[in-house]
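Reviewing the structure listed below.
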(Lines give C-alpha, C1' and ligand atoms only; values in the text may rest on other atoms or scores of the structure.)
Protein backbone atom coordinates (compact mmCIF):
# COMPACT_ATOMS: atom_id res chain seq x y z
CA UNK A 1 0.00 0.00 0.00
CA UNK A 2 2.63 2.56 -1.12
CA UNK A 3 2.26 6.03 0.40
CA UNK A 4 4.10 9.28 -0.23
CA UNK A 5 3.97 12.06 2.33
CA UNK A 6 6.14 15.12 2.91
CA UNK A 7 8.62 13.96 0.28
CA UNK A 8 9.01 10.53 1.88
CA UNK A 9 7.97 7.29 0.16
CA UNK A 10 6.67 4.59 2.51
CA UNK A 11 5.61 1.00 1.86
CA UNK A 12 2.32 1.71 3.66
CA UNK A 13 0.62 4.57 5.56
CA UNK A 14 0.92 3.05 9.07
CA UNK A 15 3.60 4.79 11.15
CA UNK A 16 4.63 4.05 14.74
CA UNK A 17 4.01 7.15 16.86
CA UNK A 18 6.74 8.73 18.97
CA UNK A 19 6.96 7.53 22.55
CA UNK A 20 6.19 3.90 21.69
CA UNK A 21 9.11 1.42 21.57
CA UNK A 22 11.36 4.15 20.32
CA UNK A 23 15.01 4.02 21.47
CA UNK A 24 16.58 0.74 20.33
CA UNK A 25 17.89 -0.11 16.86
CA UNK A 26 16.78 -3.71 17.35
CA UNK A 27 13.24 -2.52 18.09
CA UNK A 28 13.23 -0.25 15.02
CA UNK A 29 14.27 -3.22 12.87
CA UNK A 30 11.63 -5.48 14.38
CA UNK A 31 8.85 -2.91 13.94
CA UNK A 32 9.79 -2.56 10.28
CA UNK A 33 9.81 -6.33 9.81
CA UNK A 34 6.38 -6.56 11.47
CA UNK A 35 4.90 -4.17 8.91
CA UNK A 36 5.41 -0.56 10.01
CA UNK A 37 5.62 1.86 7.10
CA UNK A 38 7.89 4.05 9.24
CA UNK A 39 8.86 4.48 12.89
CA UNK A 40 9.09 7.72 14.84
CA UNK A 41 11.64 7.49 17.66
CA UNK A 42 11.00 8.69 21.17
CA UNK A 43 11.77 12.39 21.47
CA UNK A 44 15.52 12.98 21.66
CA UNK A 45 16.94 15.92 23.61
CA UNK A 46 20.40 17.45 23.51
CA UNK A 47 21.34 15.97 26.89
CA UNK A 48 20.06 12.80 28.66
CA UNK A 49 16.80 13.08 30.59
CA UNK A 50 15.86 10.67 33.39
CA UNK A 51 12.21 11.62 33.22
CA UNK A 52 9.78 11.17 36.09
CA UNK A 53 9.77 8.47 38.76
CA UNK A 54 7.21 5.68 38.65
CA UNK A 55 4.31 5.41 38.36
CA UNK A 56 4.52 7.03 34.92
CA UNK A 57 1.56 5.36 33.20
CA UNK A 58 -1.92 4.28 34.17
CA UNK A 59 -4.51 2.43 32.11
CA UNK A 60 -8.06 3.77 32.17
CA UNK A 61 -11.37 2.67 30.71
CA UNK A 62 -12.13 2.53 26.98
CA UNK A 63 -8.68 1.38 25.81
CA UNK A 64 -6.85 4.51 26.90
CA UNK A 65 -3.77 5.47 28.90
CA UNK A 66 -2.53 8.46 30.82
CA UNK A 67 1.26 8.74 30.86
CA UNK A 68 3.84 11.14 32.24
CA UNK A 69 7.21 9.65 31.36
CA UNK A 70 8.85 13.07 31.25
CA UNK A 71 10.57 12.77 27.87
CA UNK A 72 13.08 10.27 29.28
CA UNK A 73 15.79 9.55 26.71
CA UNK A 74 19.55 8.85 26.57
CA UNK A 75 20.42 12.15 24.90
CA UNK A 76 21.84 13.05 21.51
CA UNK A 77 25.30 11.47 21.74
CA UNK A 78 24.09 8.08 22.89
CA UNK A 79 21.19 7.95 20.42
CA UNK A 80 23.45 8.95 17.52
CA UNK A 81 25.69 6.00 18.32
CA UNK A 82 22.67 3.68 18.61
CA UNK A 83 21.42 4.44 15.09
CA UNK A 84 24.79 4.86 13.34
CA UNK A 85 24.08 1.82 11.12
CA UNK A 86 20.33 2.30 10.81
CA UNK A 87 18.51 0.75 7.85
CA UNK A 88 14.95 1.01 9.16
CA UNK A 89 12.56 3.75 7.90
CA UNK A 90 13.24 5.97 10.90
CA UNK A 91 11.97 9.47 11.63
CA UNK A 92 13.69 11.02 14.63
CA UNK A 93 11.51 12.99 17.05
CA UNK A 94 13.40 15.93 18.53
CA UNK A 95 12.68 18.13 21.53
CA UNK A 96 14.39 21.11 23.10
CA UNK A 97 14.00 24.45 24.85
CA UNK A 98 15.87 26.80 22.51
CA UNK A 99 16.63 27.26 18.82
CA UNK A 100 20.25 26.33 19.58
CA UNK A 101 19.16 23.00 21.09
CA UNK A 102 17.43 22.02 17.88
CA UNK A 103 20.30 23.27 15.71
CA UNK A 104 22.81 21.04 17.51
CA UNK A 105 20.51 18.01 17.39
CA UNK A 106 19.70 18.37 13.70
CA UNK A 107 23.31 19.00 12.67
CA UNK A 108 24.41 15.86 14.51
CA UNK A 109 21.74 13.61 13.01
CA UNK A 110 21.17 14.97 9.51
CA UNK A 111 23.91 12.94 7.83
CA UNK A 112 22.70 9.62 9.23
CA UNK A 113 20.44 7.23 7.33
CA UNK A 114 17.11 8.57 8.58
CA UNK A 115 14.00 9.66 6.70
CA UNK A 116 13.60 12.98 8.46
CA UNK A 117 12.64 14.69 11.71
CA UNK A 118 9.47 15.14 13.73
CA UNK A 119 9.50 18.29 15.84
CA UNK A 120 7.76 17.74 19.18
CA UNK A 121 5.94 20.98 19.97
CA UNK A 122 3.17 19.44 22.02
CA UNK A 123 4.32 17.34 24.99
CA UNK A 124 1.66 18.21 27.61
CA UNK A 125 3.51 17.42 30.84
CA UNK A 126 7.09 18.77 30.70
CA UNK A 127 7.85 22.40 31.60
CA UNK A 128 9.78 24.59 29.13
CA UNK A 129 9.58 21.93 26.42
CA UNK A 130 6.87 20.77 24.06
CA UNK A 131 3.57 22.54 24.64
CA UNK A 132 5.05 25.73 26.09
CA UNK A 133 7.06 26.21 22.89
CA UNK A 134 4.13 25.18 20.71
CA UNK A 135 2.02 27.92 22.28
CA UNK A 136 4.54 30.59 21.20
CA UNK A 137 4.11 31.39 17.47
CA UNK A 138 7.43 33.20 17.20
CA UNK A 139 9.31 30.31 18.79
CA UNK A 140 7.58 27.85 16.45
CA UNK A 141 8.51 29.92 13.41
CA UNK A 142 12.12 30.43 14.48
CA UNK A 143 12.71 26.78 15.35
CA UNK A 144 11.13 25.39 12.18
CA UNK A 145 12.90 27.95 9.98
CA UNK A 146 16.24 27.21 11.62
CA UNK A 147 15.85 23.45 11.21
CA UNK A 148 14.97 23.84 7.53
CA UNK A 149 17.97 26.13 7.03
CA UNK A 150 20.25 23.47 8.51
CA UNK A 151 18.86 20.33 6.90
CA UNK A 152 17.20 19.33 3.64
CA UNK A 153 15.50 16.34 5.26
CA UNK A 154 11.70 16.45 5.56
CA UNK A 155 10.40 18.01 8.76
CA UNK A 156 7.13 16.94 10.38
CA UNK A 157 5.75 19.20 13.12
CA UNK A 158 3.66 17.53 15.81
CA UNK A 159 0.97 19.80 17.22
CA UNK A 160 -1.42 19.33 20.11
CA UNK A 161 -4.18 20.87 22.20
CA UNK A 162 -2.60 23.74 24.12
CA UNK A 163 -3.45 27.35 24.93
CA UNK A 164 -3.05 28.55 21.35
CA UNK A 165 -5.03 27.51 18.29
CA UNK A 166 -3.79 24.27 16.73
CA UNK A 167 -4.60 25.79 13.32
CA UNK A 168 -2.55 28.90 14.07
CA UNK A 169 0.42 26.81 15.17
CA UNK A 170 0.19 24.63 12.05
CA UNK A 171 -0.03 27.68 9.78
CA UNK A 172 3.07 29.21 11.38
CA UNK A 173 4.94 25.92 10.93
CA UNK A 174 3.84 25.73 7.30
CA UNK A 175 4.94 29.31 6.66
CA UNK A 176 8.35 28.53 8.18
CA UNK A 177 8.87 25.58 5.84
CA UNK A 178 7.49 22.47 7.56
CA UNK A 179 6.78 19.60 5.17
CA UNK A 180 3.98 17.98 7.14
CA UNK A 181 1.86 18.34 10.29
CA UNK A 182 1.27 15.48 12.74
CA UNK A 183 -1.94 15.84 14.75
CA UNK A 184 -2.49 15.28 17.60
CA UNK A 185 -0.33 14.65 20.65
CA UNK A 186 -1.68 13.42 23.98
CA UNK A 187 -4.02 15.69 25.96
CA UNK A 188 -3.46 16.89 29.53
CA UNK A 189 -5.27 14.60 31.96
CA UNK A 190 -5.02 12.99 35.38
CA UNK A 191 -6.41 10.16 37.50
CA UNK A 192 -6.88 10.10 41.27
CA UNK A 193 -6.93 7.02 43.50
CA UNK A 194 -10.23 7.36 45.38
CA UNK A 195 -9.02 5.08 48.22
CA UNK A 196 -6.01 7.24 49.10
CA UNK A 197 -7.04 10.57 47.60
CA UNK A 198 -3.67 10.88 45.85
CA UNK A 199 -3.07 11.43 42.12
CA UNK A 200 -1.77 8.14 40.71
CA UNK A 201 1.00 9.49 38.48
CA UNK A 202 4.17 10.75 40.16
CA UNK A 203 3.90 13.93 38.07
CA UNK A 204 0.17 14.13 38.91
CA UNK A 205 -0.73 15.36 35.39
CA UNK A 206 0.02 13.34 32.26
CA UNK A 207 -1.04 12.94 28.67
CA UNK A 208 -4.19 11.06 27.67
CA UNK A 209 -3.89 8.73 24.68
CA UNK A 210 -5.91 5.92 23.15
CA UNK A 211 -9.53 5.60 22.06
CA UNK A 212 -10.68 8.48 24.30
CA UNK A 213 -8.98 11.13 22.16
CA UNK A 214 -9.84 9.84 18.68
CA UNK A 215 -12.88 12.08 18.07
CA UNK A 216 -10.78 15.10 19.04
CA UNK A 217 -7.95 14.00 16.77
CA UNK A 218 -10.30 13.49 13.84
CA UNK A 219 -11.82 16.94 14.39
CA UNK A 220 -8.37 18.54 14.45
CA UNK A 221 -7.29 16.81 11.24
CA UNK A 222 -10.53 17.85 9.55
CA UNK A 223 -10.05 21.50 10.52
CA UNK A 224 -6.37 21.48 9.62
CA UNK A 225 -7.16 20.09 6.17
CA UNK A 226 -9.37 23.11 5.52
CA UNK A 227 -6.72 25.60 6.62
CA UNK A 228 -3.27 24.40 5.53
CA UNK A 229 -1.76 23.21 2.28
CA UNK A 230 0.84 20.70 3.50
CA UNK A 231 0.04 17.02 4.23
CA UNK A 232 -1.26 15.85 7.60
CA UNK A 233 -0.55 12.68 9.57
CA UNK A 234 -3.44 11.67 11.82
CA UNK A 235 -2.59 10.42 15.30
CA UNK A 236 -4.65 9.56 18.36
CA UNK A 237 -6.75 6.56 19.29
CA UNK A 238 -6.38 4.44 16.15
CA UNK A 239 -7.26 0.91 17.25
CA UNK A 240 -8.66 -0.50 14.00
CA UNK A 241 -8.68 0.00 10.25
CA UNK A 242 -12.01 1.79 10.63
CA UNK A 243 -10.31 4.39 12.83
CA UNK A 244 -7.58 4.82 10.22
CA UNK A 245 -10.18 5.29 7.47
CA UNK A 246 -11.90 7.97 9.53
CA UNK A 247 -8.66 9.94 9.85
CA UNK A 248 -7.96 9.55 6.13
CA UNK A 249 -11.42 10.79 5.23
CA UNK A 250 -10.92 13.77 7.55
CA UNK A 251 -7.83 14.74 5.56
CA UNK A 252 -4.84 12.74 6.79
CA UNK A 253 -2.50 11.24 4.19
CA UNK A 254 -1.07 8.71 6.67
CA UNK A 255 -1.65 7.74 10.29
CA UNK A 256 0.38 7.01 13.41
CA UNK A 257 -0.46 4.27 15.90
CA UNK A 258 0.71 3.91 19.48
CA UNK A 259 -1.67 2.70 22.19
CA UNK A 260 -2.86 -0.23 20.07
CA UNK A 261 0.62 -1.75 20.28
CA UNK A 262 0.18 -1.98 24.03
CA UNK A 263 -3.32 -3.41 23.82
CA UNK A 264 -2.96 -5.75 20.82
CA UNK A 265 0.77 -6.17 20.16
CA UNK A 266 2.89 -5.95 17.02
CA UNK A 267 0.43 -7.90 14.88
CA UNK A 268 -1.61 -4.68 14.84
CA UNK A 269 0.16 -3.57 11.65
CA UNK A 270 -1.04 -6.51 9.60
CA UNK A 271 -4.50 -6.36 11.16
CA UNK A 272 -4.97 -2.71 10.16
CA UNK A 273 -3.40 -3.14 6.72
CA UNK A 274 -5.55 -6.17 5.89
CA UNK A 275 -8.62 -4.26 7.02
CA UNK A 276 -7.68 -1.26 4.88
CA UNK A 277 -7.05 -3.45 1.85
CA UNK A 278 -10.42 -5.18 2.23
CA UNK A 279 -12.18 -1.84 2.73
CA UNK A 280 -10.63 -0.37 -0.43
CA UNK A 281 -11.73 -3.38 -2.47
CA UNK A 282 -15.27 -3.43 -1.12
CA UNK A 283 -15.70 0.31 -1.69
CA UNK A 284 -13.90 0.13 -5.05
CA UNK A 285 -11.23 2.68 -4.22
CA UNK A 286 -8.04 2.19 -6.22
CA UNK A 287 -5.64 3.41 -3.51
CA UNK A 288 -5.30 5.18 -0.17
CA UNK A 289 -5.16 8.61 -1.82
CA UNK A 290 -8.76 8.18 -2.98
CA UNK A 291 -9.86 8.31 0.67
CA UNK A 292 -7.91 11.40 1.73
CA UNK A 293 -10.21 14.28 2.62
CA UNK A 294 -13.41 12.93 1.07
CA UNK A 295 -15.39 14.10 4.12
CA UNK A 296 -14.82 17.63 2.83
CA UNK A 297 -17.03 17.03 -0.19
CA UNK A 298 -20.17 17.46 1.90
Requested in this report: For the range 190-213, indicate whether the set of residues that are touching a helix residue (DSSP H, G or I) at 6+ places or on another chain (Cβ under 7 Å) and at positive phi is non-empty.
Outcome: yes
Query raised in the report: Can you name the residue in the range 173-188 that is modelled with pLDDT under 95 and more than 11 Å from the chain's Cα centre (by Cα) and is also surrounded by the most Cβ atoms within 10 Å (Cβ to Cβ) among such residues?
Result: 187
Report task. Go through the residues of the range 190-197 one by one and say whether even a single one is within 23 Å of the chain's Cα centre (by Cα) and farther than 17 Å from residue 63 by Cα. Result -> no
Query raised in the report: Out of the residues in the range 93-132 that are touching a strand residue (DSSP E or B) at 6+ places or on another chain (Cβ under 9 Å) and assigned to a helix (DSSP H, G or I), which is modelled with the lowest pLDDT?
Result: 131
Query - The listed residue being within 19 Å of the chain's Cα centre (by Cα), closer than 30 Å to residue 138 by Cβ and at pLDDT below 95, out of 27, 57, 8 - result: 8
Query - Output for the range 227-247, where each listed residue is within 20 Å of residue 9 (Cα to Cα) and either surrounded by fewer than 24 Cβ atoms within 10 Å (Cβ to Cβ) or out of contact with any helix residue (DSSP H, G or I) (no Cβ under 7 Å at 6 or more places or on another chain) (or both) - result: 229, 230, 231, 233, 245
Requested in this report: Residues being in contact (Cβ under 8 Å) with a residue 40 or more places away in the chain, under 15 Å from residue 248 (Cα atoms) and surrounded by 15 or more Cβ atoms within 10 Å (Cβ to Cβ): count how many of those fall in the range 264-298.
Outcome: 8
Query - Count of the range 92-112 residues which are surrounded by fewer than 18 Cβ atoms within 10 Å (Cβ to Cβ) and either within 14 Å of residue 75 (Cβ to Cβ) or touching a residue at least 24 places away in the same chain (Cβ under 8 Å) (or both) - result: 7
Requested in this report: Go through (1) without any contact (Cβ under 8 Å) to a residue 24 or more places away in the chain; (2) in contact with a strand residue (DSSP E or B) (Cβ under 8 Å, 6 or more places away or on another chain) and name the single condition residue 194 misses.
Outcome: (2)
**Report entry** Filter result (within 19 Å of residue 238 (Cα to Cα) and either part of a helix (DSSP H, G or I) or over 22 Å from the mean Cα position of the chain (by Cα) (or both)) within the range 275-298
**Finding:** 275, 276, 277, 278, 279, 280, 288, 289, 294, 295
Query raised in the report: Based on what the data block shows, is residue 17 surrounded by 23 or more Cβ atoms within 10 Å (Cβ to Cβ) and either out of contact with any helix residue (DSSP H, G or I) (no Cβ under 6 Å at 6 or more places or on another chain) or at pLDDT 95 or above (or both)?
Result: yes
Report summary line: Among 153, 171, 158, the single one that is part of a loop (DSSP other than H, G, I, E, B) and in contact (Cβ under 8 Å) with a residue 40 or more places away in the chain is 153
Requested in this report: Kindly establish whether residue 82 is at pLDDT 95 or above, farther than 25 Å from residue 146 by Cα, over 19 Å from the mean Cα position of the chain (by Cα) and surrounded by fewer than 23 Cβ atoms within 10 Å (Cβ to Cβ).
Outcome: yes
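The values are calculated or read from the model by the stated rules, or taken from the named source; none is laboratory data. Quick caveat: nothing in here was measured; it's all calculated off a predicted structure. Ideal geometry is used to build each Cβ from the backbone, glycine not excepted, and the neighbour counts take in all protein chains shown.
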